[in-house]
Structure formats: structure tokens, C-alpha cells
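Trainee: Quick one: the structure is below, questions incoming.
The values are calculated or read from the model by the stated rules, or taken from the named source; none is laboratory data. Since we're looking at a predicted model, the values are computed, not measured. Virtual Cβ from ideal backbone geometry, glycine too; neighbours counted across all protein chains shown. All accessible areas refer to the heavy atoms of the entire protein, side chains included, with ligands and DNA or RNA removed. Shrake-Rupley method; radii C 1.70, N 1.55, O 1.52, S 1.80 Å.
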Amino acid sequence: MSDSKVYPVSEELAATAHINNEKYLAMYEQSINDPDAFWGEEGKRLDWFKPYTKVKNTTFDPHNVDIRWFEDGTLNASYNCLDRHLETRGDQVAIIWEGDDPSDSENITYRDLHQRVCKFANALKARGVEKGDVVTLYMPMIPEAAVAMLACTRIGAVHSIVFGGFSPEALAARIEGAESKVVVTSNYSLRAGKSVPLKQNVDKALEHAAAKALVESVIVVKRVEQDVAWTDVDVWYEDLVAEASADCPAEEMEAEAPMFILYTSGSTGAPKGLKHTTGGYMVYAAMTHEYAFDYKEGDIYWCTADVGWVTGHSYIVYGPLANGGTSLMFEGVPSYPDNSRFGRVIEKHKVNQFYTAPTAIRALMQQGEDVLGDSDLSSLRILGSVGEPINPEAWEWYYRIIGQSRCPIVDTWWQTETGGMMILPLPGATAAKPGAASRPFFGVQPALLDADGNELEGATDGNLVIKDSWPGQSRSIWGDHERFIQTYFTTYKGYYTTGDGARRDEDGYYWITGRVDDVINVSGHRMGTAEVESALVAHPAVAEAAVVGYPHEVKGQGIYVYVTLQAGFEQSDELLKELRMHVRSEIGPIASPDLIQFAPGMPKTRSGKIMRRILRKIAEDDFDALGDTSTLADPSVVDDLIEHRMNRK
Ligand code: WT7
């Protein structure tokens, strides 16, 4: 798009940033031509117990996908985030915690955090957790969440964080999938002044026989003074740490030892637990955090994500703390006590880098230009965006209203699978174009393929793939390497398939156009349409369900559901409500359908396959261009679907 607006790099940043354009080009070239030398050098940003002598040993060959980085080195993630900083910055704030209630905040120094982590690590050991065991964290955004993560990695346990908005059903499935013996949670969580019964959800999850048989301990943080039901596996976090010693040496881990699992949705089947390992992930998280935000000593950095998502792993906890940074952790929501909250927090803590999601920007944008009130935003230096494509209108608003037309916006494209940022405009190097993720990070070789797998050259559209490994990449799906290979390395042989489509413009900038598979992105939350469908058909009234995304002003995509009822069931407002509640209880509130249409029949081919293309078009209110419908078994169903469509512009 040659007519797109370009925001050049400021002279000041070009002169002072870690990476300017010249450096970017030279480093990028070396990272591709000599990855061993490049990453061998970058790996030194961590402290290793035993230095590596091998750097890259990876293959995307679909018969044998095998990814190893720094494989003969040993290290510990928690040590790199804590111990190594104690001498130089023990009294520096590691985590600024800002509670749901604006009067509730806390500064935790590196020394404090180290102590708390050591104690909880010993507490985990006392509950029988050993190296290699999986600990499930189902927690609100409180310091104990970061403490628990770092305590796990300290003793070589693997954490599996389940976002606190997921239902007991979803939690049970993840406990079972990871064969986790210990769950860490809190009695309640607080959101916009209301308490959410997290512990009660754990109890419900443990009504599943398989989960119950596994779990030996549920460790409960007392977030609020409120009672909860108690069982014989439950133990208070506070009681455990009160008796624990603060002396807990960090376990020496191999670079390729699993560090954490994180479940994410795909186009088919149940969510998969992506496995990340220690050395490569930590190098990549630390490096991308430093360069993307031009992070400098003493900066106050705030990422608004939840630790339940990969963004929270890499860019609230591991990246910033590995860099000895100060990371702000926010428990609340942007609209409480009122819509100026983001501005108030930036002002209160003098935030320098602010990293949020387009859906949050669009929600604020709807409130008008004075939404942040008289908040003083002058501390801000760099803004980031993540989770979905940012539409140019939201980009401009973000730039003007929050960035006061002086802070660059770093639009970061990446995935749970990639561990860290992949395509982004480095603030001192790359002129920004609103809506473009722009240029690849070091070591990342994007390519665009046509449907037959041919690499396309020049300015064009295509399926976004990555040609070779980078250190932060997920190594496998927990317990199912075959599925890992099937999902990411077989569609286009020899490449990592991202599932996204992209356009490359004449300047070589990448513009992410969205998923090309049956995954939708609702408020930056990733969801498989198949998952929502299988939740729906589990309801007795539903004979068949089809789920598609449609453009939604704030959420990016909304969830549009078509259901065909079982004989004997009538459509009603009651039933609509019930189906919504049903999906919420099967998956969680984030999967709640926006629009539900009762459909007497689905548009199917003669072989019985639902033609989703047609359902998508109707959901988009764009039914003039349905394309060829002649292969449908019963073309007349389309007329009914159009007549009763729910999204009318
Ligand atoms: C999917 C990954 C990245 C961490 C949070 C989400 C979409 C993410 C961008 C962006 C365009 C983006 C992609 C990707 N996505 N960031 N800056 N521009 N699209 O991680 O839940 O694994 O979702 O989110 O579609 O594949 P995730």
C-alpha cells in the first residue's frame, strides 16, 4: 500500500535506541547467515551454570521435527530473573503491583521477590513437587502468580497456567492433559470491585473423577477475607510459606528442559499444551523485550495482559525480570473505577513503556478523546500493541491520544507457539505504518506461500510461514509430538505454518490479515470454532452447530453461532439464554456467543460438509457475494439463513 501513512523513526530514537536501522540491517543479516555466531553471542545475556558449546540444532523435516538450542548448556530461569540481580539491584523494584482497587498497590524489590519465591519453592517441595512435575496455576493477577511461576521454574517444575476466566470444565481438561498433581489458586479474585470464586471453580473441576484422582494439593492464596468451602487436599498458601525456609538454591536445568506448558486453541480438536523449554525461550523473551521496547535501566514498563496468556509469561514476568527491569502487574480492568484507569496508572507509576491490545484501545476510543481525563502521560516513551491486527483508525487514536503524537507504536505479531515477538517495527529502526506488523525480528525468516506451497516473491498476499527455527519457538505439544508435527509442519513441508495470512508490501513490510484456519480472535483471545461447536452440540437441544467469526467494532471478531435444534425443541429467548450460559460454563465467559441464529438447516455439500464460506458471508452481512452455491445439497436453506440473519448493518 504505497498510499499508507508512514511515521518515520524520530531522530532522537535513531540516535539513542539500542537498535537503529543500520544496526537492524547488519544484525538481521548476520542472524540469518550465521545463526550460530549470532545466537551464540546473544545467549550470553543470560547467566549459565554450564556454558553451551553448541548453539543451533534444529530441523523442520516433517518426519523428524527436532528443535534444540544451546543444548549442552545448563541454567535456571528463576535464577536469571532473580539471583543474578541481587548484588547490583536488590533494592530496585522488580514488580509494581497495582490492585483492582486504586488504593491497593505494592512495590516488590528484587530482594523481596527472591525471598518470596524461595519460600514458595520450598513449600512446593514440601508438598511433594519434584523436578519435571507439572503444577497448574489458576490465579488472578496478584504477585503470588509471578511468585508461583518463578518458584516452579526454580525447582525445575513445569508450570501450566490456566487463565482465570476459563470454566471448571476447561480447567479440569487441562489438569488432566498435563497430569498435574498440584493446583495453585486463590480463594477469590477481584475484578471491578466484584469477587469471583476461583477456588470454587477448582472444586468443581475436581468433581471430574480423572482430575480428582490426580490432584494431591490445592494451594489457596487468601486474596480476600472471605470463607470458602474446604476439602482435605486444600492448604492455605500463607500457612505453607510461613513455615518455609527462604533458602532454596536454583536447580540446574538443561537448556532443553521443559519450562512451561501453555494451552491454546487450534482449528481442530481440544486445546493443545504447547511446550516451551528453558534456554532458548529465556534468551528470546529477554532480547525481544529489551529491543522492542528499547528498554533501558530504570524504566517502568507496563504490559496489561494476564499471566494466563503467553504475553503475560514473556512480557510481564520472564522477559522484563531477566532484564532486571521493573514490571507493572495490574489486577484490574480499564473501566474501573472509571474509564480513565489506564491513564491514572500510567501517571501514578510514571510508566515509560505501555503494551496493550487493540480491543482495549477500541473500547477506550468509543468513550471519546478525553477518556483518560487529565492524567499526566508525559512519562510514556514507547507504546506496544499485541493480540490481533490493529486497524489503522485505532492505531492513529492510540498514537494521538495515549502517545500524544510523540511515542512510537510497536505492533508486535507473534503467537503462543512462537514464545516471543516475531514481526514488529523496532522503535529506533523501523518507520511505522499504521496497521503493519512490518519487519521480522532477528533470526526470523517469514515467507508467503500460495495454496500449493510455492514461495511467492515481492509485494503479494499469501499464507504466512516461517522458514527456519528461532530460539523462542515451542518444541512440541505436551505428550503428543505427532500432533505438533501434524499441526505445524505438514501443510507446507519444511516450514513452520503460522495459521495466519499476510500481505507483503513493496517495502517488504508484512501486514497480518488474520487467520486462514478455523480459529477466531475475540478481543485478542484465541478460540477454535470447533471447540465452541462441540460445547454447543453437548447441549440436549442442539442437533448441529456451526460457529464463525464476524467483524465486531470493539472485539475485533465476534462469535456468530448457527444452531439447528433437535426435533421436539422450540426456539425461544429462554433457550437462547440457556445456550449462551451453556457455552460459558463449558469453556468460559470469553467464548460467550455474541449472536445466535436458529437455522432449520445448514448449507451443506452433497457429501455433507458444511460450507463455512457461506455462513461467514451471511454473518458478515455480505450475502450478495456468496459465490457458487450450486454444489449445495439444498440451495434453499441459504434463503432462510439470509432472511433470519442476525448481523444487519
Ligand atoms: C494469533 C496468536 C501474540 C501473543 C498474544 C496472542 C493474532 C497476535 C497480532 C498482531 C495481527 C496478531 C494472530 C496470531 N495476532 N498479535 N500484532 N497483528 N495479528 O497469542 O493467543 O497465540 O494468538 O493472534 O492471528 O496467530 P495467541
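Trainee: Give just the number: which of (1) under 17 Å from TRP309 (Cβ atoms); (2) more than 9 Å from the ligand (Cβ to nearest atom) does TYR496 not satisfy?
Mentor: Looking at each condition in turn, TYR496 falls short on (1).
Trainee: Of all residues being of a type in the set (S, T, N, Q) and in contact (Cβ under 8 Å) with a residue 40 or more places away in the chain in region 75-106, which is farthest from SER340 (Cα to Cα)? Just the residue, please.
Mentor: ASN76
Trainee: Considering region 294-325 alone, what residues qualify as being assigned to a helix (DSSP H, G or I) and within 16 Å of the ligand (Cβ to nearest atom)?
Mentor: Selection gives VAL310, THR311, GLY312, HIS313, SER314, TYR315, ILE316, VAL317, TYR318, GLY319, PRO320.
Trainee: Does region 156-170 contain any residue that is over 19 Å from PHE330 (Cα atoms) and β-branched (Val, Ile, Thr)?
Mentor: Yes, region 156-170 contains at least one residue that is over 19 Å from PHE330 (Cα atoms) and β-branched (Val, Ile, Thr).
Yes/no matrix, rows are residues, columns are (1) surrounded by 21 or more Cβ atoms within 10 Å (Cβ to Cβ); (2) in contact with a helix residue (DSSP H, G or I) (Cβ under 6 Å, 6 or more places away or on another chain); (3) modelled with pLDDT of 95 or more; (4) within 20 Å of PRO425 (Cα to Cα):
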site: GLU455; (1), (2), (3), (4): no, no, yes, no
site: ASP461; (1), (2), (3), (4): no, no, yes, yes
site: GLY472; (1), (2), (3), (4): yes, yes, yes, yes
site: HIS481; (1), (2), (3), (4): no, no, yes, no
site: TRP511; (1), (2), (3), (4): yes, no, yes, yes
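Trainee: Just one of MET259, MET253 is crowded, with 21+ Cβ neighbours inside 10 Å, over 25 Å from LEU424 (Cα atoms) and more than 18 Å from the chain's Cα centre (by Cα); which is it?
Mentor: The unique qualifying residue is MET253.
Trainee: Being open to solvent by less than 40 Å² (accessible area, probe 1.4 Å) and assigned to a helix (DSSP H, G or I): is that true of TYR355 here?
Mentor: Against the criterion (open to solvent by less than 40 Å² (accessible area, probe 1.4 Å) and assigned to a helix (DSSP H, G or I)), TYR355 does not qualify.
Trainee: Do any helices (runs of 4 or more DSSP H) entirely within region 1-113 hold 2 or more residues that are surrounded by 20 or more Cβ atoms within 10 Å (Cβ to Cβ), and if so, which?
Mentor: Those helices (runs of 4 or more DSSP H) span 21-33, 35-42, 77-81.
Trainee: Provide a single number: the residues in region 606-631 that are modelled with pLDDT under 90 and not charged (D, E, K, R).
Mentor: Going through region 606-631 one residue at a time, the tally reaches 9.
Trainee: Can you pull out every residue in region 166-200 that is in a loop (DSSP other than H, G, I, E, B), open to solvent by 10 Å² or more (accessible area, probe 1.4 Å) and within 18 Å of VAL224 (Cα to Cα)? So that I can check it myself, show each step before the final result.
Mentor: Pass one, region 166-200, residues in a loop (DSSP other than H, G, I, E, B): 166-167, 179-181, 187-188, 192-193, 197.
Now narrow it down to the ones that are open to solvent by 10 Å² or more (accessible area, probe 1.4 Å): 166, 179, 181, 188, 192-193, 197.
Residues satisfying the conditions are TYR188, ALA192, GLY193, PRO197.
Trainee: Within region 100-120, is even one residue in contact with a Leu (Cβ under 8 Å, 6 or more places away or on another chain) and of a type in the set (Gly, Ala, Ser)?
Mentor: The answer is no; no qualifying residue exists.
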